[in-house]
Every structure is written in structure tokens, then in C-alpha cells.
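The values are calculated or read from the model by the stated rules, or taken from the named source; none is laboratory data. Bear in mind that the values here come from a model prediction, so they are computed numbers and not experimental data. Here the Cβ positions follow ideal geometry from the backbone for every residue, glycine too, while neighbour counts run over all protein chains shown.
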Amino acid sequence: MDVAGKRAWILTVERPLDRRAVFIANYWPVVALVLGRYEPAAMAGLSAIKLHLEDFSPPEELLAHQCANQSEYALPLEPGFVMRLRPRAVPAGRLNFVDAPGGVKIPILSAADVLSTLDEREINAGVEPVSAWLRHLVIRMPDLESASTERPRAATLQRLADMAGALNNDPLARQLDSSARRISARISPPSRTGVGTRIQVPPVLQRAPRGTGSPWLDEQAMRLARQEAEIRDLVGAQAKTLQAFSWRALQGGAEQVKAYDAYHSTTMEGYRISREISDAIVRGEPLADGPQDRETLQAAMAIQGYSIAFSEVLARAQRKAPVDTDLILDLYEALFRPSVDAGITDSAALRGWRNSSASLRGWRHVPPNPRKIPDLIGGLERFAARKDLSPIERALLVHLEFVTIHPFMDGNGRLARLLMNHVLLSTGLPWVTIRSDERVPFFRAIENAQVDGDAIPFIRFVWHLIQQSATDLQRKQSRRKSARKKPRRRPA
């Protein structure tokens with residue numbers, strides 16, 4: 001499979017059925033191979049910052065500096081993906097190397113060199129990762145002096161000094177200001193550098209005291225704040241028009257859709273099982289006698305586990321249990337206990353968060369390093385516990401953030417939908433089912449939020465389903481009331 005303008009090949013066992021999925025799975029080895037042809041070359045700008053932050057989600061556009069020639073290339077790697085190669089000096093002695101998925105090392109400019117080359121356009125394109133990086137950045141002054149001497153850009157350094165100051169990283173702000181003054185006697189004020197006007201440092205980080213959090217917690221806080229604002233802009237006062245239902249109505253509605261929901265939520269994740277067999281399992285009927293192949297048994301145990309977890313959600317929602325680690329781990333065990341008992345899943349899978357890297361076949365989001373998971377789950381708990389969130393904000397963002405963290409090796413999508421419905425039921429709103437035939441647009445909407453910073457498609461998708469579910473339950477209640485009011489016909 002030729003990629004990167006035939007500068008690289010991907011060898012496959014057979015002709016790939018999903019070319020995009022194959023390319024994404026090999027994205028970083030391809031990048032490493034291409035960079036090797038332009039040595040010395042390294043990731044630069046926002047691309048380098050994201051790698052400094054260990055964000056390995058394949059971007060649609062990468063920036064690299066190269067010394068092989070004086071030509072600038074926009075090299076298509078694969079449809080929808082491009083690497084921009086700019087002719088710039090690449091100081092080999094200050095390069096950093098990161099271990100990327102695929103077992104390759106990617107060269108990136110050092111922090112000092114990124115600081116001395118980052119322009120305003122790149123900052124505005126990625127103000128969140130830039131802010132998370134700057135707030136915790138500690139840098140050697142000799143490295144900064146060397147980089148700024150080779151690239152004397154006082155306005156660039158002053159702009160970043162103003163950002164670091166707004167982010168409460170005062171030591172870095174002083175270092176950058178000192179380097180800028182060493183280069184030029186004319187120091188640009190914030191009105192010239194654009195910080196506070198053209199460049200808006202996220203308020204959630206400006207309020208965070210120095211020494212708190214971590215880059216990944218900062219990114220989470222900014223992400224949730226932005227998505228919360230997007231929900232308020234899109235949903236707004238419409239959320240108040242939704243009717244809150246009695247628990248009896250909610251429970252009855254959920255029980256009616258249980259088999260339907262179990263089938264769709266499970267087959268959405270790739271399990272193959274007929275609707276008839278799935279419904280029978282939810283009703284508690286045993287599998288047919290005789291030997292079962294592994295694929296059928298896996299699907300059957302997945303349906304059985306989902307059915308148990310579904311009932312657990314109803315029990316927890318009735319008493320309005322919080323979205324916390326206890327709830328997450330209990331639902332996870334319910335999902336996989338039948339598979340463990342049947343001997344098709346290792347019992348070690350039930351011992352907590354994943355401890356190895358994960359990838360999502362065909363999708364660009366690369367879940368965070370496992371060492372970040374406890375912090376991120378803690379951040380999700382604190383967010384979900386906020387009293388000022390509307391039910392819609394809490395339900396949508398618990399779902400979206402949980403699949404973004406991806407704390408388990410398997411079951412994250414099903415768990416996210418269960419958690420979302422737990423929030424909805426706890427606040428008087430009915431169960432929502434996402435059908436398996438909606439898988440591609442639904443997953444694409446999630447990817448847009450995770451990788452491209454645009455949660456609007458996801459919000460629209462789920463908000464429509466919430467409205468639809470509320471309308472359906474309201475109609476069912478109206479029909480029941482009408483049926484009760486009809487006079488009985490007396491016998492002649």
C-alpha cells in the first residue's frame with residue numbers, strides 16, 4: 001500500500017478493505033520514515049507541542065522543519081492527511097525524541113526552539129494545548145538563550161511571556177521577558193502581542209493557582225469548559241422545556257426498551273448476534289443446547305452483561321447515586337462478569353483501569369497514557385458533581401469525557417452510554433438508545449470532539465435523541481390516560 005507519495009509502503013497480509021484504518025494504525029511509523037528522508041528534520045510548532053504533551057492522535061496536518069533542501073513541501077500522506085515541510089535550521093544537538101505508537105521515535109524541536117519559532121497563527125489554532133504546555137513548562141535558561149540568539153524574535157518571546165504570566169507561570173514569564181529584552185530594547189505590550197485580545201487564554205487556567213494540576217488535567221478542564229459553553233449555546237433554554245417524568249414512568253419506559261437497547265448498544269461495538277437471540281438472553285432464557293463457537297459465546301455474554309448493567313443503572317438512578325469511581329467500576333464488573341465466568345475474558349480485566357496503551361481501529365483519537373487515567377477520572381468525578389450543571393450538560397459531557405479517557409481496554413462505549421442514561425434517569429429524563437445503524441455518524445461526531453475540538457455535531461446528535469425519547473414517553477403516557485378515560489361498554 002503506497003502512502004506519502006510513494007515515499008513509504010505499508011505491507012499488509014492482504015489487500016486492505018479499510019485503507020484509512022490501515023493508514024491511521026501506521027501513521028507515526030510513516031511520519032518517522034518520511035522525516036528520515038529529510039534529515040535533519042523534526043516536528044515543529046503546534047505539532048511539536050502536542051507531542052511534548054504526549055498527544056498521539058494523528059492530526060490532519062503536521063508541521064515539520066527540514067534541512068535537506070530549501071524547498072517547502074505540502075506532502076500528502078494519504079487523503080485527508082498532509083505534512084508541511086518547511087526549510088528551517090534544525091539544531092540536532094537540541095532535538096528531543098518521543099516514543100510514538102508503532103514503536104518509533106519521532107524527532108521534535110526542543111521546548112526552547114519551539115518557543116523561539118511559534119507564531120501567533122499557530123497559537124490561535126491550538127490555544128488550549130499551548131496553554132496547558134506553557135503553564136507547567138520549566139526550561140533551562142542556557143537553552144532559551146541559544147535558541148533565541150539563533151532566531152532573534154523579540155515579539156514572539158514577549159507574546160509567550162505575556163501568556164505565561166496570564167497562566168501564573170511567573171518564572172517562565174520572567175525568562176521569556178529577559179530573553180526578549182536581550183534581543184530588543186523595544187518591548188511590545190500585550191496590546192501589541194495580542195494576549196488578552198486576539199489571543200484569549202482560557203479563564204479556567206487563569207484562575208488555577210501555580211503548582212496545581214498537570215498538563216493533562218488542564219487540557220481536560222479547558223475541554224470540559226469549552227464543551228459546556230457549546231451545549232449552552234446550542235441547547236440553551238430549550239432544555240427547560242423538557243418534561244420531568246415520575247420514576248414509575250421512567251422505569252416503565254426503560255424496561256420497555258431494555259432488549260432493544262441491549263441489542264443496539266452491544267452490536268454497535270462489533271459483536272455479532274441476531275435480534276431474536278439477544279432478546280431471549282435479556283428475557284433470561286438460556287442459550288440453546290449444544291457447543292457454541294467463541295464468537296457467538298462472546299456476543300451472548302456481552303448481551304447478558306449489558307442486561308445486568310442496565311438493571312444496575314436503574315437501581316442506582318432511582319436513588320440518584322453520583323457518577324463516581326464506585327459506579328463506574330461496579331458497572332464495568334457487571335458488563336464483564338458473565339464473560340469472566342464463562343472463561344472468555346481474563347479475570348484480571350476486572351481489577352481496575354487499563355495499564356497499557358490503547359488504540360481505536362479506524363479512528364484518529366489515541367486514548368491517554370494509562371498513568372494519566374486516575375487523574376482524569378478524578379477530574380470527571382469533580383465535574384459531574386457540580387451543582388450548577390444542567391441535566392443535559394452533565395449527561396452529554398459525562399458520556400463524551402468518559403470515552404475520551406477510555407479507561408478500560410474494552411467496554412468504554414457501552415459504559416459511556418450507560419453512564420449518560422444514569423444521569424438522564426436521575427434527573428427525570430427517559431432512557432436514550434443510539435442504534436447500531438447510526439454507528440458511523442455517531443462515532444465520527446465523537447472523533448470531531450476529541451481530535452478537532454468541535455463538539456457541536458455530538459451535541460446535536462444526542463440532544464435530538466433526548467428530545468425524541470422525551471416526546472415518545474410523553475405520547476405513551478397520553479395514550480394510557482386516554483385509554484383509562486374511555487367509558488366501558490355495558491352488556492346489552
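A few comments on the model shown:
- Residue in segment 63-82 that is more than 23 Å from the chain's Cα centre (by Cα), surrounded by 22 or more Cβ atoms within 10 Å (Cβ to Cβ) and closer than 18 Å to Leu115 by Cβ present: yes
- Count - residues of segment 263-281 that are among the aromatic types (Phe, Trp, Tyr) and surrounded by fewer than 24 Cβ atoms within 10 Å (Cβ to Cβ): 1
- For segment 200-222, taking the residues that are surrounded by 20 or more Cβ atoms within 10 Å (Cβ to Cβ) and out of contact with any Gly (no Cβ under 8 Å at 6 or more places or on another chain), the one that is farthest from Arg460 (Cα to Cα) is identified as Pro215.
- Only a single item in (1) closer than 21 Å to Trp9 by Cα; (2) crowded, with 17+ Cβ neighbours inside 10 Å; (3) basic (Lys, Arg) is not met by Arg20, and it is number (2).
- If you check Pro129, Pro107, Pro190, Pro171 for being touching a residue at least 12 places away in the same chain (Cβ under 8 Å), under 24 Å from Arg207 (Cα atoms), buried (at least 20 other Cβ atoms within 10 Å of the Cβ) and of a type outside the set (Ser, Thr, Tyr), only one passes: Pro129.
- Which listed residue is within 15 Å of the chain's Cα centre (by Cα), within 19 Å of Asp233 (Cβ to Cβ) and among the polar types (S, T, N, Q), from Asn448, Asn412: Asn448
Conditions (1) closer than 21 Å to Ala334 by Cβ; (2) surrounded by 15 or more Cβ atoms within 10 Å (Cβ to Cβ); (3) of a type in the set (Phe, Trp, Tyr), marked per residue:
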position: Asp410; (1), (2), (3): yes, yes, no
position: Asn421; (1), (2), (3): yes, yes, no
position: Gly428; (1), (2), (3): no, yes, no
position: Val432; (1), (2), (3): yes, yes, no
position: Asp437; (1), (2), (3): no, no, no
position: Ile459; (1), (2), (3): no, yes, no
position: Val462; (1), (2), (3): no, yes, no
position: Ala470; (1), (2), (3): no, yes, no
position: Ser478; (1), (2), (3): no, no, no
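- Unmet requirement for Asp119, which otherwise passes all of (1) modelled with pLDDT under 95; (2) in contact with a His (Cβ under 9 Å, 6 or more places away or on another chain): (2)
- Residues of segment 159-171 that turn out to be assigned to a helix (DSSP H, G or I) and either of a type in the set (S, T, N, Q) or more than 29 Å from the chain's Cα centre (by Cα) (or both), as a count: 5
- Of all residues making up segment 31-46, the number that are without any contact (Cβ under 8 Å) to a residue 24 or more places away in the chain and under 20 Å from the mean Cα position of the chain (by Cα): 0
- Some residue of segment 425-434 being assigned by TED's automatic domain parsing to the domain that holds Ala309, more than 16 Å from the chain's Cα centre (by Cα) and part of a helix (DSSP H, G or I): yes
- Filtering segment 187-203 for residues that are more than 24 Å from Ala48 (Cα to Cα) and among the hydrophobic types (A, V, I, L, M, F, W, C) leaves a non-empty set.
To keep it simple, each residue is scored yes or no on (1) on the phi > 0 side of the Ramachandran plot; (2) without any contact (Cβ under 8 Å) to a residue 12 or more places away in the chain; (3) over 25 Å from the mean Cα position of the chain (by Cα).
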site	(1), (2), (3)
Ala259	no, no, yes
Thr267	no, no, no
Ile273	no, no, yes
Glu276	no, yes, yes
Ala280	no, yes, yes
Asp324	no, no, no
Arg337	no, no, yes
Gly343	yes, yes, yes
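- Sub-8 Å Cβ pairs linking a first residue in segment 347-361 that is aromatic (Phe, Trp, Tyr) to a second residue that is surrounded by fewer than 16 Cβ atoms within 10 Å (Cβ to Cβ), at least 6 apart or interchain, are Trp353/Pro374, ordered by first then second residue.
- Pair list, Cβ under 9 Å, 6 or more apart: segment 1-30 residue among the charged types (D, E, K, R), other residue assigned to a helix (DSSP H, G or I): Arg7/Val30; Arg7/Leu33; Arg7/Val34
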